[in-house]
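Right, one structure below, let's go through it.
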Amino acid sequence: MSIAIVVHGGAGGWNKSEEHREIALQACIEAAERGRAILLTGGSALDAVEAAVNILEDCPVLDAGRGSYPNTEGEVEMDALIMDGGDLSMGAIAAIQRVRHPISLARKIMRDSGHNFLVGQGADAFADEIGFPRCDVEELLVNEPSESTIGDTVGAVALDENGNLAAATSTGGTANKRPGRVGDSPLVGSGAYADNWTAAVSATGYGEALMRVVISKQTCDFVGLGLSAQAACESAIRVLEERTGGEGGLIAVDARGKVGVAFNTRRMPHAYAIDDQAIVANS
Ligand code: ASP
């Protein structure tokens, strides 16, 4: 059985400096390496995607965790979703403030809250109840203001040696969004989806468009109909474009470890590792 991990650093406009692009690409490579190391030592796809996303959440030029864009009030509200393709369990969080690693809180919601999705005061109360680490907003606000609306959301998908798939997406959302705005990222089937019967997918781009075509589930369904992971990603981006005029990007891995990457933005830093083969990385 193959193992595979794919990560992305968002399909934002990337009208950024060469230096920032290089930092984002290096973070993707590091995240893919870390995820692969977990998978090669028998770790689960869920552990691999969480660890990979934690690295991307720490990268100051990416719009997730540290580096998230502020909303119009100067606050940071983050969204995240993690999903296990084995039993379709999921954990999601929206508009959470003052955490460094929203994806890890989403995983705790999946495992320990008795629910799938928490927001607002209830999410804060759960985080405090389980002693989840909190931080000051200043720790998160380190990114340069973005000129493009869509950001540098992060995500990872993986296949482990037991044939389990998992997907994770984490974001600070679009730059200068209205307080309370929730994008596609934490919505199951939109920001991510994982199903051992088909594929694991993570999405990025203009959330107001992505959620209308439920793009990650759409991509899994294309794999279920017999398309390769690559063709499924390309087809779902075509649906996004033709039905909504939206911009975005997708990463996928199918149940046999085949990888897909597609985007209709100028750039999307990403990296993938299959078994012990050389990492492939591009932006
Ligand atoms: N999809 C994210 C959102 O709309 C933004 C992004 O992918 O950068 O919140």
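What follows draws every value from the coordinates through simple rules; no lab data is involved. Note that the structure is predicted; figures quoted are calculated from it, not measured. FYI the Cβ positions are ideal-geometry reconstructions off the backbone, even for glycines, and counts take in every protein chain you see.
Listed here are the helices (runs of 4 or more DSSP H) enclosed by segment 140-244 that have at least 3 residues being farther than 25 Å from SER104 by Cβ: 215-224, 229-244. Residues to consider are ALA32, ALA24; find the one that is surrounded by 24 or more Cβ atoms within 10 Å (Cβ to Cβ), within 16 Å of the ligand (Cβ to nearest atom), closer than 21 Å to ALA278 by Cβ and aliphatic (A, V, I, L, M). ALA24 is the lone residue from the list that is surrounded by 24 or more Cβ atoms within 10 Å (Cβ to Cβ), within 16 Å of the ligand (Cβ to nearest atom), closer than 21 Å to ALA278 by Cβ and aliphatic (A, V, I, L, M). Selection of segment 259-280 for residues being closer than 13 Å to VAL6 by Cα and in contact (Cβ under 8 Å) with a residue 40 or more places away in the chain yields VAL259, GLY260, VAL261, MET268, PRO269, HIS270, ALA271, TYR272, ALA273, ILE274, ASP275, ILE279. Of ALA37, ALA51, ALA27, ALA80, all but one fail to be in contact with a Lys or Arg (Cβ under 8 Å, 6 or more places away or on another chain) and not in a loop (DSSP other than H, G, I, E, B); the exception is ALA51. A search for C-beta distances below 8 Å between a residue of segment 45-62 that is free of Cβ contacts under 8 Å to residues at least 40 places away in the same chain and any residue that is surrounded by fewer than 24 Cβ atoms within 10 Å (Cβ to Cβ), counting only pairs 6+ apart in sequence or on different chains, returns ASP47/ILE38; ALA51/ARG34; ALA51/ILE38; ILE55/GLU30; ILE55/ARG34. Among the listed residues GLU161, GLU129, GLU139, identify the single one that is within 21 Å of ARG34 (Cβ to Cβ), more than 16 Å from the ligand (Cβ to nearest atom) and of a type outside the set (Gly, Ala, Ser). GLU161 is the lone residue from the list that is within 21 Å of ARG34 (Cβ to Cβ), more than 16 Å from the ligand (Cβ to nearest atom) and of a type outside the set (Gly, Ala, Ser).
Taking segment 1-21 as the range and being of a type in the set (A, V, I, L, M, F, W, C) and away from the ligand (no atom under 15 Å from the Cβ) as the test, the residues that pass are MET1, ILE3, ALA4, ILE5, VAL6. Do you know which residues across segment 195-238 are of a type in the set (Val, Ile, Thr) and within 16 Å of the ligand (Cβ to nearest atom)? Within segment 195-238, VAL201, THR204, VAL213, VAL214, ILE215, THR219, ILE237 meet the criteria. Please work out which residue is surrounded by the most Cβ atoms within 10 Å (Cβ to Cβ), limiting yourself to segment 112-145 and to residues that are under 19 Å from the mean Cα position of the chain (by Cα) and of a type outside the set (Phe, Trp, Tyr). So, considering only residues that are under 19 Å from the mean Cα position of the chain (by Cα) and of a type outside the set (Phe, Trp, Tyr), the one surrounded by the most Cβ atoms within 10 Å (Cβ to Cβ) is LEU140.
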